[in-house]
1. Among the residues of the range 137-152, count how many are touching an Asp or Glu at 6+ places or on another chain (Cβ under 9 Å) and of a type outside the set (G, A, S).
2. Can you tell me which residue is farthest from the chain's Cα centre (by Cα) among those in the range 142-163 that are under 14 Å from R175 (Cα atoms) and outside any loop (DSSP other than H, G, I, E, B)?
3. Of all residues in the range 44-56, which are free of Cβ contacts under 8 Å to residues at least 24 places away in the same chain and assigned to a strand (DSSP E or B)?
4. Of everything in the range 368-405 that's among the aromatic types (F, W, Y) and assigned to a strand (DSSP E or B), which residue is least open to solvent (accessible area, probe 1.4 Å)?
5. Do you know which of the residues in the range 216-252 that are β-branched (V, I, T) and over 17 Å from the mean Cα position of the chain (by Cα) is most open to solvent (accessible area, probe 1.4 Å)?
6. Out of S277, S303, report the one residue that is within 30 Å of the chain's Cα centre (by Cα), under 30 Å from T217 (Cα atoms) and hydroxyl-bearing (S, T, Y).
Amino acid sequence: MKLGINGLGRIGKLTVWHHVSKRYFSEVIVNIGREVGTRLEDLAAAIERDSTYGRLGTYLHGHKAGRIIEELDNDKGTMRIDGVPVKILRSTRNPREIAWRDNDVKLVVDTTGVFSDPTTDANADKGALRGHIVAGAEKVILSAPFKIKSKGLQMPEDAVTTVMGINDDTYDPARHSVISAASCTTTCLSYMIKPLMETIGAENFLSASMVTVHAATGSQQVLDRLPKTGATDLRKNRSIMNNIILTTTGAAKALALVIPEMERIGFIAESVRIPTSTGSLIVLVLNFQDDSDNPIKRSYINSIYREYGQNSRYLMFSEEQNVSSDIVGLPAAAVVIEGSETHTRTASIQVNLQKVKKDCLAPGADALLTVPVTQAVVYGWYDNELGSYTNMLGDLTVQVAEKMI
């Protein structure tokens, strides 16, 4: 089977790296919709070198690697990357006009970040995710969360959001044609929540909140610039090289699609961007209704993650003292739990039942109810580009492909 990739930005390029290394697909067809530089060699250089992860040859074969991009044909747009045939399409950016059918591509990964609405008609003037299907693809995987722009529209029945190893069994090849691989933050967060929920029980979760201390992305500016007309978030135009920038995250909303039990739990998700190129951290705060005689302890939470990590290659439990660069490029780890920093505190809180529901009290009954509550803080590292997200996206892509054969 051939694989189509739309876009060659950060996730697009690293997706090429991933699939060249795994060699599951016989050929990779990449659409960028325009020329790059003055010749195909310029594009090859952009694929081969990366300021964050180094050279592709070193990534594949270590420091002794030689030239790995060869047999370039500028007219045909073809090359071989470590022996894998790669073809570059440079004619159009509109998904419905991409030559997937002519190149026998049935599966496409859209990494542009532009076409994220699964409800947009395939023939929309500015393009749409479903345009890939009109162009010949049977399945489309989006490397971002779905974003439905029109209020009141529901998620289409043929669309599903999955995280590999968490809820990928909800993907039905007979039903679903557009699949969202969620986001890097949602992927990490789901692996922080799921083990605790399965062990402690969703019914004992009272509330949750998180903040992701996130590496810079393409939405930040290198230097300050004027905001666009009508812009409401002025911080996006400030230099990421000089600032910690408050921003937003859709992780809470996307997490409910992956772990439906989270819908009933009050959950707040916040994000800040920092001046690093990759390597991010989630600080997760959870409140549990507890047992005063046997409260949840730090050691218990760490034991849950430790055991889960022994049975899942996507979660790593660490008792070392890590910094962000330690997890950059770490393969197949959706999250690295920083066990040394797990904290818990149990206290009794008093709930005034008169403020909850006045008719729930019998005459003369005590209006105050004492409830033991444990607050837990868990830290989870993730490489938001190659190490965590692109590897997880790649595994999901292969799983979808296997069910197409």
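The values are calculated or read from the model by the stated rules, or taken from the named source; none is laboratory data. It should be emphasised that the depicted structure is a prediction, and the values quoted were computed from it without experimental measurement. Here Cβ is always computed from backbone atoms with ideal geometry, including for glycine, and neighbour counts include all displayed protein chains. Side chains included, ligands, DNA and RNA excluded: accessible areas come from the protein's heavy atoms. Shrake-Rupley method; radii C 1.70, N 1.55, O 1.52, S 1.80 Å.
1. As a first pass, look at the range 137-152 and keep what is touching an Asp or Glu at 6+ places or on another chain (Cβ under 9 Å): 140-144, 146-150.
Within this subset, residues satisfying the condition of being of a type outside the set (G, A, S) are 140-142, 146-149.
Summing the residues that are touching an Asp or Glu at 6+ places or on another chain (Cβ under 9 Å) and of a type outside the set (G, A, S) in the range 137-152 gives 7.
2. A159
3. R49, G54, R55
4. Keep residues of the range 368-405 that are among the aromatic types (F, W, Y), which gives 379, 381-382, 389.
Cutting the leftovers down to assigned to a strand (DSSP E or B) gives us 379, 381-382.
Numbers: Y379: 62, W381: 33, Y382: 2 Å².
Top of the filtered list is Y382.
5. The initial filter retains those residues of the range 216-252 that are β-branched (V, I, T), namely 217, 222, 229, 232, 240, 244-245, 247-249.
Now drop any that are not over 17 Å from the mean Cα position of the chain (by Cα), which leaves 222, 229, 232, 240, 244-245.
On the way: V222: 88, T229: 147, T232: 132, I240: 17, I244: 123, I245: 9 Å².
This residue is T229.
6. Values: S303 fails: under 30 Å from T217 (Cα atoms).
Exactly one residue qualifies, and that residue is S277.
One line per residue, one yes/no per condition, for (1) over 30 Å from N287 (Cα atoms); (2) among the small types (G, A, S); (3) open to solvent by 40 Å² or more (accessible area, probe 1.4 Å):
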site	(1), (2), (3)
V160	no, no, no
I166	no, no, no
H176	yes, no, no
A182	no, yes, no
T186	no, no, no
L196	no, no, no
H214	no, no, no
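The rows are residues; the columns are (1) touching a Leu at 6+ places or on another chain (Cβ under 8 Å); (2) closer than 24 Å to C184 by Cβ; (3) among the hydrophobic types (A, V, I, L, M, F, W, C).
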site: P95; (1), (2), (3): yes, yes, no
site: N103; (1), (2), (3): yes, no, no
site: V109; (1), (2), (3): yes, yes, yes
site: F115; (1), (2), (3): yes, yes, yes
site: A128; (1), (2), (3): no, yes, yes
